[in-house]
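Q: Submitted below is the structure of interest, expressed as structure tokens.
All of the numbers you see were taken from the coordinates with simple rules; none came from a lab. Note that this is a predicted model, so its numbers are computed, not measured. So basically every Cβ, Gly included, is an ideal-geometry build from the backbone, and we count neighbours across all protein chains shown.
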Amino acid sequence: MALAAYRNAETMMAGAYPGCGLSWNLLAGIGRIESMHANGGATDARGTAVRPIYGPSLDGTLPGNEVIVQSRAA
């Protein structure tokens, strides 16, 4: 299931942002390191994480972190 999600994400990004160059295998590498491909995770029928995913604040308040704005809804 994770492989299909990575490939779908690559296709969606290529359509929305042709110059992005984000590949499914790069996403898979990130997915493995960050969550072991969501091992033990759960989503609802819409694909939303059942348990919250926490990470560093992306508002520029931490040293070395840039401000990352939320992307527009797909």
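Q: For region 1-38, list residues with backbone N below 16 Å from a point placed 7 Å from the Cα of VAL50 toward its Cβ?
A: From region 1-38, the list is 38.
Q: Checking a compactness column here: for the chain, what do you get for Rg(Cα) / (2.2 N^0.38 Å), N being the number of residues?
A: Working: Rg = 13.9 Å, N = 74, 2.2 N^0.38 = 11.3 Å.
Dividing the Cα Rg of the chain by 2.2 N^0.38 Å gives 1.23.
Q: Let me ask something additional. Residue farthest toward the positive end of the dipole of the chain, with Cβ of Lys/Arg at +1 and Asp/Glu at -1: which of GLN70, MET36, MET1?
A: MET1
Q: Please give the calculated 222 nm ellipticity per residue for the chain, where each DSSP H segment of at least 4 residues contributes -39500 (n - 2.57) and the sum is spread over every residue; nearest 500 deg cm²/dmol? Numbers along the way, then the final one.
A: On the way: 2 runs with 27 residues, N = 74.
Using -39500 (n - 2.57) per qualifying helix, the result is -11500 deg cm²/dmol.
Q: Using the Cα centre as the reference, give the magnitude of the dipole from point charges on the C-beta atoms of the chain (Lys, Arg: +1; Asp, Glu: -1; all else neutral), rounded to the nearest 20 debye. Mind showing how you got there, number by number?
A: Values: 5 positive and 5 negative charges, 42 e Å.
Using only the charged Cβ atoms, the result is roughly 200 debye.
Q: Figure the gain on full extension for ILE30 and ALA4 (residue separation times 0.36 nm, minus the Cα-Cα span) and round it to one decimal in nm. Can you show the working numbers first?
A: Details: separation 26, 0.36 × 26 = 9.36 nm, distance 1.50 nm.
Fully extending the segment from ILE30 to ALA4 adds 7.9 nm.
Q: Just THR43, THR61, THR11 to compare: in a GNM of the chain, with alpha carbon springs under 10 Å, which one fluctuates most?
A: For the chain, modelled as a Gaussian network with Cα springs under 10 Å, the answer is THR61.
Q: Report the extension gain between ALA14 and THR61 in nm, rounded to one decimal, defined as 0.36 nm multiplied by the number of residues separating them, less their alpha carbon distance.
A: Details: separation 47, 0.36 × 47 = 16.92 nm, distance 3.12 nm.
Contour length minus Cα-Cα distance gives 13.8 nm.
Q: Would you please give the residues with an amide H less than 5 Å from that of THR43, counting only those at least 5 places away or on a separate chain, with H modeled from the backbone geometry?
A: Amide H to amide H, under 5 Å and 5 or more residues apart or across chains, THR43 pairs with VAL50.
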